[in-house]
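Data first, discussion second: the structure below is written as C-alpha coordinates.
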Amino acid sequence: MKLLMTMIKYNSIKENLLRLKEWIYNHPKKVYRYVMVVLVISFGLIFIQYYFFTPQVSTGIKIPTMYSESDQVKADMEKSDQKMNVIVNELQSLKKKRESGPLSKNDSLRIEYLFHQYQTLKNGL
(Lines give C-alpha, C1' and ligand atoms only; values in the text may rest on other atoms or scores of the structure.)
Protein backbone atom coordinates (compact mmCIF):
# COMPACT_ATOMS: atom_id res chain seq x y z
CA MET A 1 0.00 0.00 0.00
CA LYS A 2 2.83 2.40 0.91
CA LEU A 3 4.61 1.61 -2.31
CA LEU A 4 1.49 2.40 -4.31
CA MET A 5 1.07 5.76 -2.52
CA THR A 6 4.70 6.73 -3.10
CA MET A 7 4.42 5.80 -6.78
CA ILE A 8 1.29 7.96 -7.13
CA LYS A 9 3.06 10.90 -5.45
CA TYR A 10 6.15 10.38 -7.61
CA ASN A 11 4.06 10.31 -10.82
CA SER A 12 2.11 13.43 -9.84
CA ILE A 13 5.31 15.34 -9.03
CA LYS A 14 6.85 14.16 -12.28
CA GLU A 15 3.80 15.30 -14.27
CA ASN A 16 3.85 18.70 -12.57
CA LEU A 17 7.52 19.16 -13.36
CA LEU A 18 7.00 18.14 -16.98
CA ARG A 19 4.13 20.66 -17.27
CA LEU A 20 6.33 23.35 -15.72
CA LYS A 21 9.12 22.54 -18.16
CA GLU A 22 6.70 22.75 -21.07
CA TRP A 23 5.31 26.07 -19.81
CA ILE A 24 8.86 27.47 -19.49
CA TYR A 25 9.65 26.46 -23.09
CA ASN A 26 6.37 27.96 -24.34
CA HIS A 27 6.68 31.29 -22.45
CA PRO A 28 10.37 32.31 -22.43
CA LYS A 29 9.65 36.06 -22.19
CA LYS A 30 7.57 35.67 -19.04
CA VAL A 31 10.20 33.39 -17.47
CA TYR A 32 12.93 35.91 -18.30
CA ARG A 33 10.84 38.73 -16.83
CA TYR A 34 10.18 36.81 -13.59
CA VAL A 35 13.83 35.84 -13.21
CA MET A 36 14.98 39.42 -13.78
CA VAL A 37 12.49 40.76 -11.23
CA VAL A 38 13.74 38.29 -8.63
CA LEU A 39 17.37 39.22 -9.38
CA VAL A 40 16.73 42.96 -9.17
CA ILE A 41 14.81 42.61 -5.91
CA SER A 42 17.51 40.43 -4.34
CA PHE A 43 20.19 42.89 -5.50
CA GLY A 44 18.25 45.75 -3.96
CA LEU A 45 17.79 43.88 -0.69
CA ILE A 46 21.55 43.33 -0.45
CA PHE A 47 22.14 47.10 -0.68
CA ILE A 48 19.41 47.83 1.85
CA GLN A 49 20.95 45.34 4.23
CA TYR A 50 24.43 46.83 3.72
CA TYR A 51 23.42 50.46 4.27
CA PHE A 52 20.87 50.06 7.05
CA PHE A 53 22.08 46.95 8.90
CA THR A 54 25.86 47.06 8.57
CA PRO A 55 27.72 44.69 10.87
CA GLN A 56 29.94 46.35 13.45
CA VAL A 57 33.52 45.17 13.04
CA SER A 58 35.69 45.31 16.13
CA THR A 59 39.15 46.72 15.65
CA GLY A 60 42.11 45.70 17.74
CA ILE A 61 42.38 43.33 20.61
CA LYS A 62 40.06 44.07 23.49
CA ILE A 63 40.21 42.65 26.98
CA PRO A 64 36.98 40.81 27.78
CA THR A 65 34.71 42.80 30.08
CA MET A 66 34.93 40.08 32.68
CA TYR A 67 38.65 40.79 33.14
CA SER A 68 38.82 44.49 32.25
CA GLU A 69 38.40 45.66 35.84
CA SER A 70 40.84 43.21 37.35
CA ASP A 71 44.15 44.87 38.15
CA GLN A 72 45.84 41.51 38.63
CA VAL A 73 45.02 40.42 35.08
CA LYS A 74 46.27 43.73 33.69
CA ALA A 75 49.48 43.43 35.71
CA ASP A 76 50.02 39.86 34.48
CA MET A 77 49.50 40.93 30.87
CA GLU A 78 51.98 43.79 31.26
CA LYS A 79 54.50 41.46 32.89
CA SER A 80 54.21 38.94 30.07
CA ASP A 81 54.59 41.78 27.53
CA GLN A 82 57.78 42.90 29.26
CA LYS A 83 59.13 39.34 29.26
CA MET A 84 58.31 39.03 25.55
CA ASN A 85 60.17 42.29 24.84
CA VAL A 86 63.25 41.00 26.70
CA ILE A 87 63.13 37.76 24.70
CA VAL A 88 62.75 39.63 21.40
CA ASN A 89 65.71 41.88 22.22
CA GLU A 90 67.90 38.90 23.07
CA LEU A 91 66.87 37.10 19.87
CA GLN A 92 67.76 40.22 17.88
CA SER A 93 71.19 40.34 19.48
CA LEU A 94 71.70 36.66 18.62
CA LYS A 95 70.66 37.42 15.05
CA LYS A 96 73.30 40.13 14.82
CA LYS A 97 75.86 37.68 16.23
CA ARG A 98 74.86 35.13 13.57
CA GLU A 99 75.31 37.72 10.80
CA SER A 100 78.82 38.51 12.02
CA GLY A 101 79.89 34.87 12.23
CA PRO A 102 78.86 31.30 12.96
CA LEU A 103 76.97 30.51 16.16
CA SER A 104 78.13 28.12 18.83
CA LYS A 105 76.10 25.15 20.01
CA ASN A 106 75.16 27.04 23.19
CA ASP A 107 73.82 29.93 21.10
CA SER A 108 71.65 27.57 19.05
CA LEU A 109 70.26 25.98 22.20
CA ARG A 110 69.61 29.44 23.65
CA ILE A 111 67.68 30.44 20.51
CA GLU A 112 65.50 27.33 20.73
CA TYR A 113 64.84 27.97 24.43
CA LEU A 114 63.98 31.63 23.85
CA PHE A 115 61.69 30.78 20.96
CA HIS A 116 59.86 28.22 23.10
CA GLN A 117 59.50 30.76 25.92
CA TYR A 118 58.19 33.37 23.47
CA GLN A 119 55.58 30.95 22.09
CA THR A 120 54.51 30.01 25.61
CA LEU A 121 54.07 33.67 26.60
CA LYS A 122 52.32 34.55 23.36
CA ASN A 123 49.81 31.70 23.59
CA GLY A 124 49.21 32.30 27.29
CA LEU A 125 50.09 28.76 28.37
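The values are calculated or read from the model by the stated rules, or taken from the named source; none is laboratory data. Remember, it's a predicted structure, so these values are computed and weren't measured experimentally. Don't worry about glycine lacking a Cβ; one is built from the backbone with ideal geometry, like all the others, and counts go over all protein chains shown.
Could you grab me the full set of residues in segment 22-37 that are surrounded by 10 or more Cβ atoms within 10 Å (Cβ to Cβ) and part of a helix (DSSP H, G or I)?
Those that are surrounded by 10 or more Cβ atoms within 10 Å (Cβ to Cβ) and part of a helix (DSSP H, G or I): E22, W23, I24, K30, V31, Y32, R33, Y34, V35, M36, V37.
Determine, yes or no, whether K62 is loosely packed, with under 10 Cβ neighbours inside 10 Å and at pLDDT 95 or above.
no
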